[in-house]
């Protein structure tokens, strides 16, 4: 038997080395088996999440895909080996999606459209109210618009003229009442005036009584004698349709024996610095009364017309119910900005005409009513 030498105890046998290498290889293989699936789960997690979102969306929208219910974590559940996976401790690599700004731009444009300046959007018109405040009102798509080219307007010695194709196609007029006192209509005619609108009478804004204008009969006779085209108007304070019809019949009776060529005009307006009978009327009420007056004069064979400023025509009456009648616009300014159709325009209230002492209202008519 061979005796061991003193160094034999420190020598590593080949069998021992082989055993260690074998165990190390097994451990490496086990680690690889554990690591590779976890790498797949990390890189595929976004895909799985997206798939879940798609299935949930399909369930909501009613597609025939299986409904995937969202589960809530159970705090009392036992952790599985996957819950202890140390790879989940590391943040996932995420990719920021490319933004599609087309929809955002459309939404922004839409928001900007809602916030457009009404003074420049072409869809609104400015109305100055009785109290001096300003309101921007949407222009109706259903009312006929005027098509005048205001570059063709010419002002000569207070006379407003309108030209088309180089030819004047407008008519110069005045409107008068007792406050002009005596008028020399012959001189008025020589001054270039084509037509005159004469007040027949008025209803008291307090008493409600009808009275004839002090100068009506004198004015209409001498205007005809001077060869002027004549129209008339009535200052209304009617608060019922019956009162409006009464006013219209008063005008018709006063015109007996005169063949006027210009319209009979309904003039209803508020009283400056005072309250009036019509303050109690709604917009619908004022519209019905206006129509009752105009329908009455139309039935008698006359041309009816509505007088009013921009606020009255837009805010106080409903012009969509009065489209059968022409408009006489009262707006003192260089150019009118009433967007709808009108036939006459009162553009100045302090004009001067030979034959009249003091001021008189000046008008332009775009229609030759003597030919209608």
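With a ≥ b ≥ c the root eigenvalues of the C-alpha gyration tensor of region 266-372, is it rounded (a/c under 1.5), prolate (a/b larger than b/c) or oblate?
Since a/c reaches 1.5 but b/c is at least a/b, the shape of region 266-372 is classed as oblate.
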For the pair residue 271 and residue 161, the simple spin-label estimate (label points 7 Å beyond Cα toward Cβ) gives in nm 4.2 nm
Within a 10 angstrom radius of the beta carbon, how do 178, 189, 156, 310 rank from fewest other beta carbons to most?
156, 178, 189, 310
Cα-projected label distance for residue 33 with residue 350, points at 7 Å along beta-carbon direction, nm:
10.7 nm
Residue 133 to residue 280: FRET efficiency via 1/(1 + (r/R0)^6), r the Cβ-Cβ distance, R0 25 Å, to the nearest 0.05?
0.70
To check you understand DSSP bridge types, tell me what percent of the beta bridges within region 146-371 (both residues inside) are antiparallel, rounded to 5.
40 percent
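In nm, what is the difference between 0.36 nm times the number of residues separating residue 154 and residue 184 and their Cα-Cα distance?
That works out to 8.1 nm of additional length.
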Sorted by mean Cβ packing within 10 Å, highest first, what order do the peptides 352-361, 134-143 take?
352-361, 134-143
Is region 109-214 best put as rounded, prolate or oblate by its Cα gyration tensor, with a ≥ b ≥ c the root eigenvalues, rounded for a/c under 1.5, and otherwise prolate when a/b is larger than b/c, oblate when not?
oblate
Simple spin-label estimate for residue 207/residue 357, 7 Å along Cα→Cβ, in nm, reads 2.7 nm
Give, in nm to one decimal, the length gained when the segment between residue 370 and residue 299 is fully stretched (0.36 nm per residue of separation minus the Cα-Cα distance).
23.6 nm
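The numbers here are math on the coordinates, done by the rules we state, and not lab data. In this text the structure is predicted, and so the values were computed from the model without any measurement. Cβ atoms come from the backbone with ideal geometry, glycine included; neighbour counts cover every protein chain shown.
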